[in-house]
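Colleague: Just passing along the structure, written as structure tokens.
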Number of protein chains: 8
Amino acid sequence: MSGRVWNVYLSGEIHSDWREKISQGVAAADLPVVLSSPVTVHKDSDDCGVAIFGREKETFWHDHKAAKLNGIRTRTLIEEADLVVVRFGEKYKQWNAAFDAGYAAALGKPYITLHPEEHDHALKEVDGAASAVARAPNQVVQALVYIIQGKMP
Amino acid sequence: MSGRVWNVYLSGEIHSDWREKISQGVAAADLPVVLSSPVTVHKDSDDCGVAIFGREKETFWHDHKAAKLNGIRTRTLIEEADLVVVRFGEKYKQWNAAFDAGYAAALGKPYITLHPEEHDHALKEVDGAASAVARAPNQVVQALVYIIQGKMP
Amino acid sequence: MSGRVWNVYLSGEIHSDWREKISQGVAAADLPVVLSSPVTVHKDSDDCGVAIFGREKETFWHDHKAAKLNGIRTRTLIEEADLVVVRFGEKYKQWNAAFDAGYAAALGKPYITLHPEEHDHALKEVDGAASAVARAPNQVVQALVYIIQGKMP
Amino acid sequence: MSGRVWNVYLSGEIHSDWREKISQGVAAADLPVVLSSPVTVHKDSDDCGVAIFGREKETFWHDHKAAKLNGIRTRTLIEEADLVVVRFGEKYKQWNAAFDAGYAAALGKPYITLHPEEHDHALKEVDGAASAVARAPNQVVQALVYIIQGKMP
Amino acid sequence: MSGRVWNVYLSGEIHSDWREKISQGVAAADLPVVLSSPVTVHKDSDDCGVAIFGREKETFWHDHKAAKLNGIRTRTLIEEADLVVVRFGEKYKQWNAAFDAGYAAALGKPYITLHPEEHDHALKEVDGAASAVARAPNQVVQALVYIIQGKMP
Amino acid sequence: MSGRVWNVYLSGEIHSDWREKISQGVAAADLPVVLSSPVTVHKDSDDCGVAIFGREKETFWHDHKAAKLNGIRTRTLIEEADLVVVRFGEKYKQWNAAFDAGYAAALGKPYITLHPEEHDHALKEVDGAASAVARAPNQVVQALVYIIQGKMP
Amino acid sequence: MSGRVWNVYLSGEIHSDWREKISQGVAAADLPVVLSSPVTVHKDSDDCGVAIFGREKETFWHDHKAAKLNGIRTRTLIEEADLVVVRFGEKYKQWNAAFDAGYAAALGKPYITLHPEEHDHALKEVDGAASAVARAPNQVVQALVYIIQGKMP
Amino acid sequence: MSGRVWNVYLSGEIHSDWREKISQGVAAADLPVVLSSPVTVHKDSDDCGVAIFGREKETFWHDHKAAKLNGIRTRTLIEEADLVVVRFGEKYKQWNAAFDAGYAAALGKPYITLHPEEHDHALKEVDGAASAVARAPNQVVQALVYIIQGKMP
């Protein structure tokens, strides 16, 4: 598989450093992986629509314009990904993450979920369609090492 | 459109009577609509896998077997639906519902979300890909009357 | 082809009686054709969104809610159609009609345009992807008779 | 997303300098974007068919041969695009532009419309399926900067 | 498979009675098969375009209008077919038939060719993608009896 | 889901009565299910090709003609199925069954495997893509009752 | 479109030098085009199957093995092509060429036919689905120059 | 076809050196081919799931976790392949290999089987959908030389 680059999209929680840990692990293992993600600055992902296309009086449309703009990025990157990692943190609803998992599932695209055990029951359908359930970013890196290089941890 | 039957899948919350309200509205308007839904008995949708295919010691696999079995029903019905209605109630994580919305979106299938205003911000990406956002079951019925019969409320 | 029903979607102009003429022609020829169309009451197709899902202060969002709701109907019916007829009248921009033609073309679905000669040059790309260019509703009916029954006019 | 190149197709109006403005903005921001467009010399896009494949007596077929030849270019580039920008100018019918929007929509490809407010109502269905509505080329550039680099304006 | 109806499209030669023979065989075996075909009146399939949409001075466009109109019927019926039978007679070029075989092949739709041995070499690529090569209409009927009812001849 | 009929294809082993057991269970539960299967008379499924299209001297081509003819039936029915059941018996290679499972998986179509525990390790990849692993035909019936009627065993 | 390479597949006749002429024209115009074609040594394309996978006693299977092997190359290259050119020469049946045209048409891939006027009527359906009909290789080159560079001849 | 790289996935038996032989042949012929394969260390492909994502008490779930993880690699590489080679050795059930063949077939992706004559009858359906049946790795190399370079052995 000389030369093959694997595109991995990192979906979900934006309030912890899980993306950095995966990024560091990928770099340490020298994997031919290109990581991508949504815009992870919370405020920007909320305000981008009105900042670019003009203010809205209603919060609903303020959000709507942002969601549509963010969607251009996220849909394109998920459709291009070989693998999606979907992170559910301890807090927040994180419906985005579940939406992305469903989107990947419908495209027949494999995904790995990453979440603590406490969410297991609530996420059972999302996990049921996943290729694996990880508890820590390092497991995602180990999975990538195995998938791409065939090396065991 | 004489004879056309519209398949509508009702995804999400199973702890209130929103499905019954839509069902009654559809019957009252005499719409050519076939409603479908996941199995809505919570306990059954949790235990179906082990009840049929054998017990599991680990809760995770107990859930997993149920999720995979439920998936046969839900995926088939979503793929067959002309329209999906996705309900987010006041409580619970309801990641299933968001997963189904993402699944529908990736298939290019229209969906209407149904949720209170308090979820607007958390659901902005899910709403962003929706065809409409409803606050009450009656609005879904009115939408069906309009879509199918062209009648205004 | 005993029993086959042909679904024909009639897209475009809503200010003349071309749909009625095709409908009468289909009935006169006793064709196994189900005709469908967008909601053709102009005011309703403008106001349906706010009438059902709530008022908007901005005209833009008033229109937007209607467009999304109308889209549930029109997309479903175009995707189900065996043939789309796209009518461009003498007046108005009728960008909808051209949008529907592009939508049909991308799905590999055949369509016939129906418009006066004066639009020929402006519609050359739309006509270029069409299966035929008709000048009068009767020609559409004759085409259906030929396609379905193999009878010449 | 190191190395990712975004393909952006610029559809529609050929009588103003909006493509140049976007092109300059993209260059100024040093974005990894490849812009493409139809042939924008009006006369050539009208006459290419007969110039290459032989004269036609009828204007209709003169146009037809051009449309089919132009279609090879435009369809290929739209299908390859990550994003389509669809420009409607102040004048002309511009059915091509609406056709391209419908084509993109059916492919599930995101597009941004670019037009003055005066067209809002007539374009409501086309805008309804769009990811954003821009009023000036600079907004399209800002959107690209945000989508690709995650930078706010 | 109670109730299943098999759609079989009969493509190709229009100068012998092979379609009638298959039709009689299907009726004799009481098979749940709906047969369909192009318009088989040679003159009509040549002239339908101009008869409906207006005369052409050039033979090329006369033919073109007919081909596009016939295409609405043939494409729709091939796409709907469960099986395509492609007949190459002793005479004529019959490029249509080979075109239909390629069309079916690209859709992943099974087809059976029906032709004398003398064409074997010239048809090797077309036969190579076929599910079977028949020499007589009766063999096609026997194949349908086997496929649908599991009965041997 | 009034009126919905579920198509279930029964793939694999032809030397035991598992299909009859499922059929009886479906009848006893009065399920709206249409069962289909390959031709299960071993000798016929081997000889059908030459019996219809003419003898072959080489065993390889004798088999080949049968395989291609059987493929028309099996591919069509798998593609039409809502659910595939794939049975691996105690004996024989049964590569067909695994092939059908892979075929279903690539189409995104859910399948249930049915096999004794002794095959678990050898079938791990096939089971890994399955929606459930059953040990007895009755479990398949119970699954259908649950999927279709939402009733627990 | 800096950097874009256009893949063009040259299908059909192998007894004249039309491929060389197009190749020279492409080189002379310095077009970013990669041309591909079937194996054009007639004897090799007939004998490749048996030369590699073993002799056959029957001519039919001799041909069959070649056709299947050639198919790996031709299908892959057609599916990858941006444009297919299909050449019908003065002689031979050339059912391959028509098959390739049908294959391209079903994939929604544009193709240009290249043939003398004498074949116009027999090829009317094949031409009807084509983007252009050329009479000489130079016209194909001119079309490529226009499509890719926007330059008129 | 200057520059085109062919992706070839080598599926199946992992207990003989057939992959090395093909690899050496490809190198010797200097073919522009990238070979890929599943992880071929048997123990690792069994244990990878639990080694990375945590131990399981039940063998079934031990296997399951491995199968799902391996599936990320194998599905991605098969979907990316231009050609799949499927090897069935003298021993073992090798249901994986048949599954991969079915998966490739459903995607319309060509594959070559590689197995001794003794498996011919049991593999007749798998061979029936194959582009060729090889007996030795060298034949696969010769096929690649022919497909890519047009050279006969």
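The values are calculated or read from the model by the stated rules, or taken from the named source; none is laboratory data. Just so it is clear, the model here is predicted, and its values are computed rather than measured. Ideal geometry is used to build each Cβ from the backbone, glycine not excepted, and the neighbour counts take in all protein chains shown. These area figures cover heavy atoms from the full protein model, side chains too; ligands, DNA and RNA do not enter into them. Shrake-Rupley method; radii C 1.70, N 1.55, O 1.52, S 1.80 Å.
Colleague: Please report, as a whole percent, how much of the solvent-accessible surface of the protein assembly as shown comes from carbon and sulfur atoms (probe radius 1.4 Å). Provide the component values of the computation, followed by the final result.
Modeller: Values: 21810 of 44760 Å².
That fraction is 49 percent.
Colleague: At what distance in angstrom do the alpha carbon centres of segment D:105-136 and segment H:1-70 lie from each other?
Modeller: 47
Colleague: Which whole-number value in Å³ per residue fits the convex hull of the alpha carbons of the protein assembly as shown? List each step's numbers first, then the result.
Modeller: Working: hull volume 194.0 nm³, N = 1224.
Once divided by residue count, the hull of the protein assembly as shown is 159 Å³.
Colleague: Let me check the size of segment B:1-139 from its C-alpha atoms; what are the radius of gyration and Dmax in Å?
Modeller: When restricted to the Cα atoms of segment B:1-139, Rg and Dmax are 15.8, 53 Å.
Colleague: Any idea of the accessible area per residue across chain G, 1.4 Å probe, to the nearest Å²?
Modeller: On the way: 5600 Å² over 153 residues.
Accessible area per residue, chain G: 37 Å².
Colleague: With an 8 Å Cα cut-off and a minimum separation of 6 or more residues, compute the relative contact order for chain F in percent.
Modeller: Values: 209 pairs, mean separation 38.0, N = 153.
In percent, rounded to a whole number, it is 25.
Colleague: With a cap of 14 neighbouring Cβ atoms within 10 Å, and only residues DSSP puts in a loop, list the trypsin sites (Lys or Arg not before Pro) found in segment G:89-152.
Modeller: Numbers: sites: G:K91, G:K93, G:K124, G:R135, G:K151; in loops: G:K91, G:K93, G:R135, G:K151.
Listed in order of number, the matching sites are G:K91, G:R135, G:K151.
Colleague: Total accessible area buried between chains H and A, 1.4 Å probe, in Å² to the nearest 100? If you can, show how the numbers build up before the last one.
Modeller: On the way: alone 9240 and 9240 Å², together 16700 Å².
Answer for the H-A pair: about 1800 Å² buried.
Colleague: Moving on to the next point. When a/c is below 1.5 the answer is rounded, else prolate if a/b is larger than b/c, else oblate, so apply that to segment B:78-132 with a ≥ b ≥ c taken from the square roots of the Cα gyration tensor eigenvalues.
Modeller: Details: a/c = 1.98, a/b = 1.65, b/c = 1.20.
Taking the square roots of the gyration eigenvalues as a ≥ b ≥ c, segment B:78-132 is prolate.
Colleague: If you count only protein heavy atoms and use a 1.4 Å probe, how large is the accessible surface of C:E79, to the nearest 10 Å²?
Modeller: Approximately 90 Å² of C:E79 is accessible to the 1.4 Å probe.
Colleague: Heavy atoms only, probe 1.4 angstrom, no DNA, RNA or ligands counted: give me G:T113, B:T59 ranked by accessible area, highest first.
Modeller: Details: G:T113 0, B:T59 100 Å².
Putting G:T113, B:T59 in descending order of accessible area: B:T59, G:T113.
Colleague: Work out the length of the dipole vector of chain B about its Cα centre, built from +1 on the beta-carbon of each Lys and Arg and -1 on the beta-carbon of each Asp and Glu, and round it to the nearest 20 debye. Mind dumping the intermediate values first?
Modeller: Working: 17 positive and 20 negative charges, 54 e Å.
The dipole of chain B has a size of about 260 debye.
Colleague: Please work out whether segment H:100-153 counts as rounded, prolate or oblate from its C-alpha gyration tensor, where a ≥ b ≥ c are the square roots of the eigenvalues and a/c under 1.5 means rounded, while otherwise a/b larger than b/c means prolate and anything else oblate? Please list the in-between numbers first.
Modeller: Details: a/c = 2.97, a/b = 1.34, b/c = 2.21.
Judged from the Cα gyration tensor, segment H:100-153 comes out oblate (a/c at least 1.5, b/c at or above a/b).
Colleague: Would you check segment F:41-153 for Lys pairs whose C-alpha atoms are within less than 28 Å, ignoring same-chain pairs closer than 8 in sequence, and give me the count?
Modeller: Number of lysine pairs found: 20.
Colleague: When all protein chains stay in place, what accessible area (Å², nearest 10, 1.4 Å probe) is found for B:V5?
Modeller: The accessible area of B:V5 comes to roughly 70 Å².
Colleague: Now a separate question. Quick one: if you stick a label point 7 Å off each Cα along the C-beta vector at D:K21 and A:V41, how many nm between them?
Modeller: Spacing of the two 7 Å Cα→Cβ label points: 2.5 nm.
Colleague: Among C:A122, C:S37, C:L69, whose Cα lies farthest out toward the positive end of the dipole of segment C:20-153, if unit charges sit on the beta carbon of Lys, Arg (+1) and Asp, Glu (-1)?
Modeller: C:L69
Colleague: Any idea of B:S23's accessible area? Nearest 10 Å², probe 1.4 Å.
Modeller: 50
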